[in-house]
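Contents: one structure, followed by commentary.
The values are calculated or read from the model by the stated rules, or taken from the named source; none is laboratory data. Since this is a predicted model, take the numbers as computed values, not measurements. Backbone-built Cβ (ideal geometry, glycine too); neighbour counts: all protein chains shown. Areas reflect the complete protein model, heavy atoms only, side chains present, ligands, DNA and RNA absent. Shrake-Rupley method; radii C 1.70, N 1.55, O 1.52, S 1.80 Å.
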Amino acid sequence: MINKCEIEDLELVYEKPKTLTDTPMHYCPGCGHGVINKLIMEVIDELKIQDKTVGVAPVGCAVFEYRYMDIDMIEAPHGRASAVATGVKRVNPDKYVFSYQGDGDLAAIGTSETIHTVNRGENILMLFINNAIYGMTGGQMAPTTLIGQKTSTSPFGRSVKNNGFPLNITELISKLDGAFYVTRHSVHKPNSVRKLKKAIQKSFEYQKENKGTCFIEVISNCPAGWGMTPLKSNEWLEENLIPKYPLGDIKVPTKN
Amino acid sequence: MNMKYDNNVKLMKGNEALAEAAIRAEIDGYFGYPITPQSEILEYLSKNFNEEDGVVLQAESEIAAINMVYGAAGSGKRVMTSTSSPGMSLMLEGISYITAAQLPCLLVNVSRGGPGLGTIQPSQADYFQSTKGGGHGDYRLIVLAPNSVQEMADFVFDAIYLAEKYRNPALILSDGTLGQMMEKVRLPEKGSLPKSIPEWAAKGKIKNKERNIIYTSAVDPTVMENLNKELQNKYALLQQEVRYELSQIEDAEILIVAFGLSARICSKAQEMANDNGLSVGLLRPITLYPFPSDTIYKLAQKVQAILVVELSAGQMVEDVKLVVNGSCPVFFHGRMGGEVPTPDEIFFELKKITDKQAVKN
């Protein structure tokens, strides 16, 4: 067993964020959640706001993200993360508050909370992880599931007749006056990971300036739920999800 | 708790007295949604709560309101919500979470006749929902039942005190009449309830300390059972906080058990009965949970019969029967859907019971 390495001559080029715990993540191999969790903590490290941040975890695959994030956190009921975050922020206006939700959580059961939180311009960061499926409950149809996409509750493919259309909730909330910064990213390529990190950084900076709601959608994959290898899932994401949910800024602050 | 009172006597609505008491109890936040017959609470706070002291927020629904309470309470702040029966039903999921996470907060149900949309008139048909948990899982609320505008104000302090002592939501179970009627009231003064940010609060991780996580879940059933045991141990301790009021129980042949508005009406009926040669005592549970089981059991050994009066089809009567356990007959009189009994009506019931017991003896 090697107890000590001779590393004096080596240059440290990368380390995990200090605010990311050593607890092994429960996410499935290839899943985007781990990368997104890490990015948030990297930003919190760099901005040195660990002692001023409260995160709100969802019900869904990221329910246990508080095991990995070394910050104070609250686990919200399904769909209610933005209301819980509103409660925290309103009585702690000096704290940084973010909510983290999946597509079923934010765009189905929590639609009302999502719209009204943004409409009030709550000064929080809302992270929306869209992988077009309910991962935790075993791969059921989400509001963002594509037409024709097979899930355990749309085994013959989502049909417009039965299930209506995939919901572009991010475009929808971007029309609300309370939305300050609305942007869509992904984590399937190194450069997209870097862009997402910048968006998270900007959002916390805007929060410091009390600008209003910052909303980041992240198009992510679900290799287990989609029944694909991680690599194949990223290809499928690029070919199918991104055309429906195009990446980039949807609402950017106007320069005065 | 050292309650100090204002010297001025005011004439106020129950809802307004409760709202003013909440300001004086130094709440940090109120989150609510309009619903009759309690909207005056949100209205009064919107008008009179100083922005520098905290937040009053009209949420988009009762579901959002209770989850805002959950977040704010999780960050260690003193917060509340108020609603009426249908709104309470919507809040139950959130209340189950708040209770599981062991957070203190003040809940108010100015209840109305149901089921369904029901009426806006008073009812006590939310007794089961309030005292048995209401939402999913094994949990209880601390439940206080006022019977006057004075108690609408006082119980804000008592409820917050108990909620913070036991880290459990406390509910003031009122009704449409107590919320709407005006009476004289002496308001408690600010400063009666000391306030501090608790160590467990999620409000930003303190350096070199473990982070605070407000959570309600466990994958491992052993861990989840242990969380449940913690709750149940707390409820066992909570039994010492039982409160009730007794009137004329010495030599009583019939005991009335009634809470809130019903108890108020029953005390008039009791007076009529005793003026007419009957011997009637009254027990008014002030805490509906914990329930004054021991006292009711002891009294059941002495009286010939018990009459339970409620504004419902009979809910608390089940708890009374359970503790009486056959020691004496238990009768029930109830009105539903917003109807309220007159003292004459209850006096008539008392006479019927006296006649029945006389025949038996």
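Only helices reaching 18 angstrom along their own axis (Cα) with mean Kyte-Doolittle hydropathy no lower than 0.0 count here, and for the DSSP H runs of chain A these are A:33-47. For chain B, the equivalent ellipsoid derived from the alpha-carbon gyration tensor has semi-axes of 36, 23, 18 Å in decreasing order. Annotation: per residue accessible area for chain A equals 45 Å², rounded to a whole number [probe 1.4 Å, protein chains only].
Taking only protein heavy atoms and a 1.4 Å probe, the accessible area of chain A is 56% carbon and sulfur. Each DSSP beta bridge with both residues in chain A is either parallel or antiparallel, and the antiparallel ones are about 20%.
Can you grab the distance from the C-alpha centre of region A:150-187 to the C-alpha centre of region B:9-28, Å, no decimals? The distance from the Cα centre of region A:150-187 to that of region B:9-28 comes to 45 Å.
Using a 1.4 Å probe and counting only protein heavy atoms, how much accessible surface gets buried when B and A come together, both sides summed, in Å² to the nearest 100? Buried: approximately 2600 Å² between A and B. Remark: relative contact order (chain A) = 18 percent; criterion is Cα-Cα distance under 8 angstrom and separation of 6 or more residues.
Per residue, chain B exposes an accessible area of 41 Å² to a 1.4 Å probe, with every protein chain left in place. With a 10 Å cut-off around each Cβ of A:63-75, the average count of Cβ atoms from other chains is 6. Measuring how big region B:133-223 is from its alpha-carbon positions, Rg and Dmax come out at 17.9, 54 Å.
May I ask for the longest run of chain A untouched by chymotrypsin sites (Phe, Trp or Tyr not before Pro) that are loop-located per DSSP and have at most 11 neighbouring C-beta atoms (other than their own) within 10 Å? By the stated rule (loop sites, at most 11 other Cβ atoms within 10 Å), A:15-155. Diffusion coefficient of the protein assembly as shown by Stokes-Einstein, Kirkwood radius over Cα pairs, 25 °C, 0.890 mPa s: 93 µm²/s. The Cα-based radius of gyration of region A:55-185, divided by its Kirkwood radius, gives an Rg/Rh of 0.99. Dipole size of region B:10-240 about its Cα centre, with +1 on Lys/Arg Cβ and -1 on Asp/Glu Cβ: approximately 500 debye, rounded to the nearest 20. Comparing A:G148, A:G110, A:G121 in a Gaussian network model of chain A where C-alpha atoms under 10 Å apart are linked, the largest mean-square fluctuation is found at A:G148. Out of B:Y289, B:Y44, B:Y215, any idea which swings most in a Gaussian network model of chain B, alpha carbons joined below 10 Å? It is B:Y215. Taking the C-alpha atoms only, the angle from helix B:14-24 to the longest principal axis of chain B is near 40 degrees. Label reach from B:L11 (point 7 Å along Cα→C-beta): in region B:143-162, amide nitrogens under 16 Å belong to B:149-150. The value of relative contact order for region B:41-188, using C-alpha pairs under 8 Å at least six residues apart, is 23 percent.
Peptides B:85-93, A:69-77 ordered by packing proxy, namely the average of other Cβ atoms within 10 Å per residue, highest first: A:69-77, B:85-93. Each part gets one Cα centre, and for region A:218-246 versus region B:190-247 those centres are 42 Å apart. For chain B, the relative contact order is 19 percent, taking Cα pairs closer than 8 Å that sit 6 or more residues apart in sequence and dividing their mean separation by the residue count.
The angle between the Cα long axis of helix B:149-166 and the main principal axis of chain B comes to about 50°, on a 0 to 90 degree scale. The GluC sites (Glu not before Pro) of region B:190-288 meeting both criteria, a DSSP state outside H, G, I, E and B (loop) and at most 10 other C-beta atoms within 10 angstrom of the site's C-beta, are B:E199, B:E210, B:E250. In a DSSP loop and with at most 13 other Cβ atoms within 10 Å, the trypsin sites (Lys or Arg not before Pro) in region A:1-110 are A:K4, A:K18, A:K48. Of the GluC sites (Glu not before Pro) found in region A:194-236, those that fall in a DSSP loop while having at most 13 other beta-carbon atoms within 10 Å are A:E209. Beta bridges per DSSP, both residues in region B:10-240: antiparallel share near 20 percent. Once you've got the Cα coordinates, tell me which of B:K132/B:K203; A:K48/A:K175; A:K95/B:K195; A:K38/A:K89; A:K189/A:K251 are over 30 Å apart. Among B:K132/B:K203; A:K48/A:K175; A:K95/B:K195; A:K38/A:K89; A:K189/A:K251, the Cα-Cα distance tops 30 Å for B:K132/B:K203; A:K48/A:K175. Mean partner shielding of peptide B:207-214, defined as the number of other chain Cβ atoms within 10 Å of each residue Cβ, is 5. Between region A:69-93 and region B:44-70, the C-alpha centres lie 15 angstrom from each other. Principal semi-axes of the equivalent ellipsoid, √(5λ) from the alpha carbon gyration tensor of region B:118-172, are 20, 19, 6 Å from largest down. Of all the options B:Q315, B:Q240, B:Q270, the one that moves most in a Gaussian network model of chain B with Cα springs shorter than 10 angstrom is B:Q240. More than 22 angstrom separation, counting every C-alpha pair in region A:33-251; what % is that? Here the tail beyond 22 Å accounts for 45 percent of pairs. Normalising by residue count, region B:243-360 has a Cα convex hull of 92 Å³ per residue. From helices alone, chain B scores -12500 deg cm²/dmol at 222 nm; the rule is -39500 (n - 2.57) for each run of n ≥ 4 DSSP H residues, then divide by the residue total. Can you say what percent of the DSSP beta bridges in the protein assembly as shown, counting only those with both residues inside, are antiparallel? Round to 5. Roughly 25 percent of the DSSP beta bridges within the protein assembly as shown come out antiparallel. Please give the helix B:62-74 orientation as an angle from the longest Cα principal axis of chain B, in degrees from 0 to 90, rounded to the nearest 10. Orientation of helix B:62-74: about 60 degrees from the principal axis. Per residue of peptide A:194-200, the mean number of Cβ atoms on other chains within 10 Å of the residue Cβ is 0. Averaging 1/r over every pair of different alpha carbons in region B:204-303 and inverting the result gives a Kirkwood radius of 17.0 Å.
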